[in-house]
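First up is the structure itself, then whatever we jot down about it.
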4 protein chains.
Amino acid sequence: MFNSFGNILRLTSFGESHGKGIGGVIDGFPAGITIDMDFIQKELDRRRPGQSALTTPRKEADKVEFLSGIFEGKSTGCPIGFIVWNENQHSGDYDNMKDVYRPSHADYTYKTKYGIRDHRGGGRSSARETISRVVAGALAKLALRQLGIRITAYTSQVGPIRLEENYTAYNLELTETNPVRCPDPEKAKEMEQLIAEVKAEGDTIGGVITCVIIGCPVGLGQPVFGKLQAALASGMLSINAAKAFEYGDGFKGLKMKGSEQNDVFYNNAGRITTHTNHSGGIQGGISNGQDIYFRVAFKPVATVLMEQHTVNIDGVDTTLKARGRHDPCVLPRAVPIVEAMAALTILDFYLIDRTTQL
Amino acid sequence: MFNSFGNILRLTSFGESHGKGIGGVIDGFPAGITIDMDFIQKELDRRRPGQSALTTPRKEADKVEFLSGIFEGKSTGCPIGFIVWNENQHSGDYDNMKDVYRPSHADYTYKTKYGIRDHRGGGRSSARETISRVVAGALAKLALRQLGIRITAYTSQVGPIRLEENYTAYNLELTETNPVRCPDPEKAKEMEQLIAEVKAEGDTIGGVITCVIIGCPVGLGQPVFGKLQAALASGMLSINAAKAFEYGDGFKGLKMKGSEQNDVFYNNAGRITTHTNHSGGIQGGISNGQDIYFRVAFKPVATVLMEQHTVNIDGVDTTLKARGRHDPCVLPRAVPIVEAMAALTILDFYLIDRTTQL
Amino acid sequence: MFNSFGNILRLTSFGESHGKGIGGVIDGFPAGITIDMDFIQKELDRRRPGQSALTTPRKEADKVEFLSGIFEGKSTGCPIGFIVWNENQHSGDYDNMKDVYRPSHADYTYKTKYGIRDHRGGGRSSARETISRVVAGALAKLALRQLGIRITAYTSQVGPIRLEENYTAYNLELTETNPVRCPDPEKAKEMEQLIAEVKAEGDTIGGVITCVIIGCPVGLGQPVFGKLQAALASGMLSINAAKAFEYGDGFKGLKMKGSEQNDVFYNNAGRITTHTNHSGGIQGGISNGQDIYFRVAFKPVATVLMEQHTVNIDGVDTTLKARGRHDPCVLPRAVPIVEAMAALTILDFYLIDRTTQL
Amino acid sequence: MFNSFGNILRLTSFGESHGKGIGGVIDGFPAGITIDMDFIQKELDRRRPGQSALTTPRKEADKVEFLSGIFEGKSTGCPIGFIVWNENQHSGDYDNMKDVYRPSHADYTYKTKYGIRDHRGGGRSSARETISRVVAGALAKLALRQLGIRITAYTSQVGPIRLEENYTAYNLELTETNPVRCPDPEKAKEMEQLIAEVKAEGDTIGGVITCVIIGCPVGLGQPVFGKLQAALASGMLSINAAKAFEYGDGFKGLKMKGSEQNDVFYNNAGRITTHTNHSGGIQGGISNGQDIYFRVAFKPVATVLMEQHTVNIDGVDTTLKARGRHDPCVLPRAVPIVEAMAALTILDFYLIDRTTQL
């Protein structure tokens, strides 16, 4: 049950980095949605390695093959199976890691838990697993588009370089105009520069992705354990390297008092709305019709191209130096993954909300 | 399904602030555990209103009545039903809120979603709902105690006043020696002072709770969507007023590079361990045997004793001034709630982990 | 998770025969439904012991107390907690069973599985647990009534005495006019007579309940594992003493060939329908708009007032003779239970069906 | 969620008859199990069309390709993705069914529910979907074999020809020695003869499969809604064409009184056991260590090679005559499917049972 995400709309994923491929099954996807293959592939391309000098030079086409659930270009309501075949793997790059636990990777915990592990490229713990999320998320976006709901994420921090303003201060259309996916062109340049420096050192760096959901109706979210923010947090923290989640004012709001942070209602030409949006579009776990926004922190990639101390599978102290082709910074490629998890969550809760009244 | 939390161990809760009571059903609780009623009541007392000058002066005994699943002092493996009867409600305090949406509360979203709402004391959206979590969490703690797993939370920030060090710098035994539940007696005094000031203004203030889980075996957590941090984040963000979750280095780690943040393994007298614990005890979604720690931010309570602008249920602009007895700061009473959600999550994953190998 | 039934609409139940009471939580019940308390109590009265000479002479009022989720007479969309307090228990009747395993009861399996058991009245394995189903089912019926869906069950067989015709041959309005709940007054008399005889011997007898669902729209049921018949079968086989389930032609249909059993479609004044209904209203796991009907077999109650050989908890051969007040035949009281499980299933699938298309 | 089966061990399936293939994901499969590919293929061969004169002459190799979750011949605990590619489809055979609803098929209900349907070969509603069950079931059997649990099914009735005795009267080793999979060679001949006759008429015939589970420990099954029989019934009724389920004495037991049907315990050389097994190895929803046995009735295949009346998608009366290659009797090929669903259920409950006590 733990390789599945969602309730009514549910993605079940499978696949390892150096196995045959990464795939999944999307169950509960609404029938009758036109499947725009170009759009789906574009989403995969945003996640694809080798798309810019900032990312791993691995070349993977990452073309998705749908296996079921689509007939004459439309979803049928039946489960949508899909796979992205692996290719261009250099499994040999991992030979020296077979018997060694890489620091801050999942090698040790997987081995201890399962008694067995596919060491090649991290196996199931590889970030390559997120391909299945992007495919499913792209489908969810197609449905949300029909509902007028739009999801946009961007890189808002890399290491110490950060956008100081809230998302409303930026033109989010600019996000895709630079390889870091930052809507502030100046900051984007700085971030790019920093990533290049870190890469040259064989080191890695983390950052923050901000995500905005626009056009959500009032009513999505299910009290009390299915609060919208709880589902979003769960989805985000399930992404490799994610370390933190905050929505609305988040940690920043701690500087304010209740009287300052409350979002006061008013009647805006017949529609109830709020002057401010400290709540991040969610009140009592339910969307209130304002923009939903949240931030996700990603740690630096654990694979550094430097010698590190560690132990081998027999518990003997040793050293390890990673070979292979790795990302110095996961942020740019994680933007579509964050959007995908948000899209899956919102569509799921949209469908569920229909069951609220008879 | 959304008033339930957990997988094998599952709490289903019910109840409203001014209804008959708050209760729940705990399913999947292991058989044969001795039920220490004093301990459970003590946990409830830590959450109880009126326990100090810092909290709402409402006086509620909050005695739990168990309804099933316990026989001759032990759990039977059958579902444990329970209820804490409501008493001392002043429903009249809420009469003026019947037709008005309180800012940053769930009134508007509930009404829009459900078409009906119990306005008295927030109904289901009241933080009184967390009683069921504390009862279930106390039971989980009893089981975890047998396994040598201990969960401790404390207030690490109130408004701008914060503990600067990580949890290892404090004597956590001191947490319960002051009403804010802060293990640093000096800071505790400052926090207490601040809360008193804010209260005098009729205002409210937020803060951060830090939680530490000690003694967890290697192997808890289920890739990929059931990562331990994802489950913890979901549990924490389902608590009223929670706005953010971070584990390990969280946001702070963004200042570091991968080479600095990696937790290097070494053999410590026959046991594989790490020198540092930036990972927060979880790698690849699975506990690695180190302490698990995380932080949860809580916004200021939305109910302020000041006049605020808002709209009524007909969408007409109006003002509202809360009456009644409210907490100026939710933090001290939220400490056992955070612990409870952590305990439920850890015991659930402990049980699930048993199914990993034949 | 196993004391819960349903998906979007979910009953979680708790309670033992000789504990404080039997209760539950109904989650996902649609908001805004008027709660007709008289109707709910009438349903409980149909299940109640002591309602006729055919049932156990135990006198239990079985009054339900709702604990949450209802406000000013209507459902709020929040979980509906409820309890029926136990009373009139003669726990002493079970003293001689404390250390002995009753044949064909759950004593031995519970003890072995859980290591502990509440022996009084069967504890959790008592059919008294079905009270929670009847309460939840009554609520579901209230919602279904608004949708024009009606569920009716009746006793169609007791021991060898059986109704030979399909449900369409009987006036189901007569079901409640006799204590066996059989719509054929002649057969009802025979059944009554047989039960009286069996009771006089201290023995017990089984039978069959037939259930009909009228007014179901086309489209309820979820391929492939959520087929409507699979959900109904699961619900029915979860009732104590149920041994078999068949829908449509069931076992009887084996005498026919495909050409005879197929339900041929035709256009009936603009509505697609079928001449026959061998399918029992379900095709491909989905309701087809015809009446849904199925049959559930119940074995004789295991408690006989005769001396039986058995073993005690130390594995020593012994004998046992039940004392206490028991039903000679479970059928009459099981009729509302079968209806309740059907009602829960149909309402759940009705709600789920709304998520099929955008 | 409805294309998934199981709790901890969960199969999610996808695929249509004339799409790319039939596949699935098996989540929660225990790590470290040696994957015997030959065994899995043999199970698929037992389900394969064209295996004898009794089945459809379609030739499909039905070779399974595993996509993940297996490393160096062993399960890793990660989800096991797989696919059986479709081939040899004659989609043209279904052209005349594109706009017509086949009687007693899922065409009409799918179209009405989803607004769209893949008409080729029944699409998702095709029995070809059961391939995924056989693959997953074969894996489950490999794990159960290690635990000494064995599952065997056989054809016990075809039309009116039936085995009169309980399973203990037959040598189940003979089941696979004839194409109908009946352990009584005489009856097998008669059944074969009958199927040949029915086939010659272009008609179809149903029957019963009996399944026996040997070696099950005491304790599998989860009260109250997760009773072992309820899970088995749900699994069986989710198979295409299944119409009825009974376990233990089932309908036959109605002839007996409680005193006759009770399974009396005795001490058999230190082990508690029962003289008889009317209960079918399950008491109170929990396995009692005796053989578990149940029977599943299958209706005649709906596709008959005769002209039938029906309506088209515009609701106009018309006639239809099936072309193509179809099974006259589903029973022989359904035997491994019944076993597969039983194996998945038993292994799931075996794993769950481990969480009962600490």
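Throughout, read-outs are computed from the coordinates displayed, never taken from laboratory work. Predicted model, so just to flag it, every value in this text is computed and none were measured. Please note: Cβ atoms are built from the backbone with ideal geometry, for glycine as well, and neighbour counts cover all protein chains shown.
How big is the charge dipole of the range C:4-353 about its Cα centre, in debye rounded to the nearest 20, if each Lys and Arg gets +1 on its Cβ and each Asp and Glu gets -1 on its Cβ? Mind showing how you got there, number by number?
On the way: 39 positive and 40 negative charges, 79 e Å.
For the range C:4-353, the charge dipole is close to 380 debye.
Copy-to-copy label distances for A:Lys111, where each label lies 7 Å from Cα along Cα-to-Cβ, are 4.7, 6.0, 6.0 nm in order of increasing length. Here's how it looks for C:Gln357: its modeled amide H is under 5 Å from those of A:Ala31, which are all 5 or more places away or on a different chain. In the range B:77-101, whose amide N lies under 20 Å from the spot 7 Å out along Cα-to-Cβ of B:Asp317? List them in ranges. Inside the label zone: B:99-101. Computed from label points 7 Å out along Cα-Cβ, the spacing between D:Glu186 and D:Ala61 is 4.3 nm. Note on chain D: dipole from Cβ charges, positive end direction compared against D:Gly21, D:Gly122, D:Gln222; the farthest Cα belongs to D:Gln222. Could you tell me the distance between the Cα centroids of the range C:6-53 and the range B:224-238, to the nearest Å? The distance from the Cα centre of the range C:6-53 to that of the range B:224-238 comes to 33 Å.
Tell me what the protein assembly as shown gives for mean residue ellipticity at 222 nm when only DSSP H runs of n ≥ 4 count, each as -39,500 (n - 2.57), the sum divided by the residue total, rounded to 500 deg cm²/dmol.
Values: 28 runs with 352 residues, N = 1432.
Helix-only estimate at 222 nm: -7500 deg cm²/dmol.
Note on chain C: GNM, Cα springs under 10 Å; of C:Gly221, C:Gly250, C:Gly28, the largest mean-square fluctuation is that of C:Gly250.
Take chain C and mark each of the GluC sites (Glu not before Pro) that is in a DSSP loop with at most 16 other Cβ atoms within 10 Å; the longest unmarked stretch, sites excluded, is C:202-358.
Could you work out the relative contact order of chain B? I mean the mean sequence separation of Cα pairs under 8 Å and 6+ apart, divided by the number of residues, in percent.
Details: 725 pairs, mean separation 78.9, N = 358.
22 percent.
When only alpha carbons are used to place a centre, the range B:294-350 and the range A:73-101 end up 44 Å from one another. When its C-alpha radius of gyration is set against 2.2 N^0.38 Å (N residues), the protein assembly as shown gives a value of 0.90.
When C:Thr177 is represented by a point 7 angstrom out along its Cα-to-C-beta vector, the spacings to that point in the other copies are 5.9, 8.1, 8.3 nm, nearest first.
With 10 Å bins beginning at zero, the pair-distance distribution over Cα atoms of chain B amounts to 5, 23, 32, 25, 12, 3, 0, 0 %. Taking chain C as a Gaussian network of alpha-carbon nodes connected by springs under 10 Å, the highest mean-square fluctuation of the residues C:Cys182, C:Cys216, C:Cys329 belongs to C:Cys216. The chain B residue nearest the rotation axis shared with chain D, using its Cβ and rounding the distance to whole Å, is B:Arg354, 2. The same position A:Asp45 in the other copies lies at 4.7, 6.6, 7.1 nm from this copy, comparing label points 7 Å beyond Cα toward the beta-carbon, shortest first.
Go through B:Lys74/D:Lys255; B:Lys227/C:Lys74; C:Lys20/C:Lys42; A:Lys227/B:Lys42; A:Lys257/B:Lys20; A:Lys63/C:Lys227 and tell me which ones have a Cα-Cα distance over 30 Å in this structure.
On the way: B:Lys74/D:Lys255 41 Å; B:Lys227/C:Lys74 39 Å; C:Lys20/C:Lys42 22 Å; A:Lys227/B:Lys42 28 Å; A:Lys257/B:Lys20 33 Å; A:Lys63/C:Lys227 34 Å.
B:Lys74/D:Lys255; B:Lys227/C:Lys74; A:Lys257/B:Lys20; A:Lys63/C:Lys227, as the Cα separations exceed 30 Å there.
So which DSSP H runs in chain A come out at 15 Å plus along the axis (Cα) with average Kyte-Doolittle of at least 0.5? Walk me through the numbers on the way to the answer.
Details: long enough: A:37-47 (16 Å, -1.26); A:131-146 (23 Å, 0.87); A:185-200 (22 Å, -0.69); A:331-353 (33 Å, 1.25).
Once both thresholds are applied, what remains is A:131-146, A:331-353.
Select from B:Met256, B:Met191, B:Met341 the residue whose mean-square fluctuation is largest in a Gaussian network model of chain B (Cα-Cα springs shorter than 10 Å). Among B:Met256, B:Met191, B:Met341, the largest mean-square fluctuation in the Gaussian network model of chain B belongs to B:Met256. Shown here are the Rg and Dmax of the Cα trace of the range A:202-358, at 20.3, 71 Å.
Magnitude of the Cβ-charge dipole of the range A:212-358, K/R +1 and D/E -1, about the Cα centre, nearest 20 debye?
Details: 13 positive and 12 negative charges, 33 e Å.
Result for the range A:212-358 is approximately 160 debye, rounded to the nearest 20.
Spin-label pair B:Ala53-D:Arg145: with each label point 7 Å from Cα along the Cα-Cβ axis, the two points sit 7.4 nm from one another. The ranking of A:Arg48, C:Arg117 from fewest to most other beta carbons within 10 Å of each one's beta carbon is A:Arg48, C:Arg117.
Over all pairs of different C-alpha atoms, the range C:175-265 has a mean inverse distance whose reciprocal, the Kirkwood radius, equals 16.5 Å.
Based on alpha carbons, the Rg and Dmax found for the range D:91-172 are 19.2, 51 Å. Projecting label points 7 angstrom from Cα along Cα→Cβ for A:Ala200 and A:Asn267 puts them 6.3 nm apart. Distance from the Cα centroid of the range B:175-203 to that of the range C:250-287 is 72 Å (rounded to whole angstrom).
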